[in-house]
Amino acid sequence: MKVGNEILNKSFFKKILKSKGAYFLLLPGMGLFLTFILFPLIYSLRMSFYKWNIVNPGSSEFVGFSNYVKVINDPIFIRAAFNTIVYALMTVPGQILFALMVAILLEQKIRGRTFFRVAFYITVITSWVIVTLVFEYLFSGQAGLVNFVLKDVLHLVNEKIMWLANPILVMIPLNLLGIWKGVGWSAIIFLAALQNIPPELYEAAIIDGAGIWQKITKITLPLIRPTLVFLVVVLTIGAFNVYISGLLMTDGGNPLDLSHFILTLMYKKTFTYLDFGYGSATSYLLAAFIFMISVIQIKLLRRRVEY
Amino acid sequence: MLITKEEKTFRIITYVLLIFGVVITLLPFLYMISVSFKSQIYTFEYPPRLIPRNPTLENYINALSKDLFGRNFLNSLFVATATTISTVFISALMAYAFSRMQFPGKEVLFYILLLGMMIPPVMLIIPQFIIAKYLHLLNSLWGLIVVYVAVTLSMQTFLLRSFFETIPRELEEAVLVDGGSNWVIFTKVILPLSKPGLSVVAIFTFLYAWDEFPWAHVAIRESSRRTLPVAIALFQNQYLTQWGLVFAATTVASIPVIIVFIIFQRYFIQGFVTTGLRR
């Protein structure tokens, strides 16, 4: 990297360090950050106000807010936004609920705790690409395990369901995947919060004759409220950024662009139809929406907790 | 302590639920591995079988000899390693400056850096694409590395700075009394005492770079320069129904991740919890 040569020259480095070397230390990192994060952020805002010409950006035409107007009035975008909001409404509570259960169970004095923990974390570290392909196979129409269980084991349906061919049905594996992949991570965060609760509180509750359910609702839940708020906000942001699973499982919004999420639509408009202005406007709308939702959530959910 | 009857029942329910949860969690992976050992005729058999009939290694042999799989694997290894080394180094320097040095504009720079933690990376793909094009970084592994370092830098610097803050300053005062410089403090005091923090940074950066898909998907067009996630996604497109082959590839791609994970298991927990880092 950039700094590779300087580091070898120790005495030079030492001198700079002694005298106001702080900027020198920050230079490589800040340089990368400005070039590949901050500048793109501003550049993208600018693009969203232009009919962007990729071949010759200089001759791009300024169009004001018309990219934004175009996005908001696009029925495909509205469908994508709907799919994304449903995804958030399903996967955020789903992850929280299961993660809380797993964390409470792991908090108990049980054998094989390490094994259980490792097992639950596996989904967190595996790449989205891989787990999406696995879910595609599990939900495949002809020989998928899910159809087998539903039809031949539980007898809930009479015919095999073609999950992946239907723009509404494909949302079911996508939402289940979102929950399944996220539970392990949230459970770890919950577990850390649970371990911070002083055990004396539970002991006092037992003396007062409280049952397990009462211990959970009267002690655990109120005390982990800050963690709960944190998770709701972070998971919601994550849910609105759903991208890889949708892109791969629906093969880019097929059929008829009905199964898009916001970001898969952004990708297709930008890199397939080369409408960079539309794409940038979409990502800024998404960012604004996420920001708004986060602020509302924090305002609504945050309350001081006293120990 | 008293064990009530209610608690005993609760303990049994605990085990039942946990085992059920683990089955749901692991079954897709076991199934993936199982299919990777099935020959093509059995991948669409109905009813599906978890234990493969006549298990075979042909998928692994085919996948590894197919196209550029080996090349893609090495690309991923190079990108993930270079990203990790650069990130650990650069973020440690920055964290030291933010934690131990005084300079004008410190607050402002730190808050600007924190902004990076809040921006969803996919949102930046379009402008990054254009910038990378200008800098001739498209279709290059270095184009992946610089963006990965930039994306993960905020989080890792923040993490290391918090870690450095927990190191008592008396040690440094002793070094200063002995006539040592900031450089001595950094290399002889801070870094050796920060091994757990540096490990967390290294692990998370490696996994992030190993698994990253959206940017690599956009930035690399030439098949010989693809990293594994992109190669596998396109592999599946190309060999649509050859699930055995696809899952042999995904199983091989998962191996480094699982190894890193099992070796550094306890650091993971620490990392997740202290940073709220999400992958």
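Measuring nothing but how far apart in sequence close Cα pairs (under 8 Å, 6+ apart) lie, relative to its length, segment A:128-284 scores a relative contact order of 21 percent.
Per residue, the convex hull around the alpha carbon atoms of segment B:163-266 comes to 138 Å³. Size estimate for chain A follows the Kirkwood approach: the inverse of mean 1/r over distinct Cα pairs works out to 23.3 Å.
Shape summary: segment B:147-207 maps onto an equivalent ellipsoid whose semi-axes, from the alpha-carbon gyration tensor, are 26, 11, 9 Å in decreasing order. On the principal axes of its alpha-carbon atoms, segment B:190-242 has extents of 51, 23, 16 Å, going from largest to smallest. When A:Lys181, B:Lys38 are arranged by Cβ crowding within 10 Å, least crowded first, meaning fewest neighbours, the order is A:Lys181, B:Lys38.
Just to check, using Stokes-Einstein with a Kirkwood Rh over alpha carbon pairs, what's the diffusion coefficient of segment B:80-178 at 37 °C and 0.692 mPa s in µm²/s?
Values: Rh = 15.3 Å.
For these conditions, the coefficient is 215 µm²/s.
Overall size of segment B:1-153 from C-alpha positions, given as principal axis extents largest first: 65, 62, 26 Å. Taking one quarter of the surface of the C-alpha convex hull of the protein assembly as shown gives a mean projected area of 31.0 nm².
By the count of neighbouring beta-carbon atoms within 10 Å, fewest first, A:Asp251, A:Asp208 end up ordered A:Asp208, A:Asp251.
Listed by chain and number, the aspartates and glutamates placed with their C-alpha closer than 20 angstrom to that of B:Lys38 are A:Glu136, B:Glu58; residues fewer than eight positions away on the same chain are left out.
Of the DSSP H helices in chain A, those that are both long (alpha-carbon extent of 27 Å or more along the helix axis) and hydrophobic (Kyte-Doolittle mean at least 0.5) are A:75-107, A:171-195, A:276-301. Our summary gives chain B a relative contact order of 31 percent, counting only alpha carbon pairs under 8 angstrom and 6 or more residues apart.
A quarter of the convex hull surface defined by the alpha-carbon atoms of segment A:232-307 gives 6.2 nm² as the mean projection.
Relative contact order of chain A: 25 percent, from C-alpha pairs under 8 Å at least 6 residues apart in sequence. Partners of A:Lys51 within straight-line reach, counting aspartates and glutamates whose Cα lies under 15 Å from its Cα and excluding those fewer than 8 residues away in the same chain: A:Glu61, A:Asp275. Panel order for B:His217, B:His136, A:His260, by other beta carbons found within 10 Å of each beta carbon, from fewest to most: B:His136, B:His217, A:His260.
The fraction of Cα-Cα pairs per 5 angstrom bin, counted from 0 for chain B, comes to 1, 5, 10, 12, 13, 12, 12, 10, 8, 7, 5, 3, 2, 1, 0, 0 percent, rounded to whole percents.
Bear in mind that the values in this text are calculations on the coordinates, not laboratory data. Owing to the predicted nature of the structure, the values given are computational and were not obtained by experimental measurement. Note: ideal-geometry Cβ built from the backbone for every residue, glycine included; neighbour counts use all protein chains shown.
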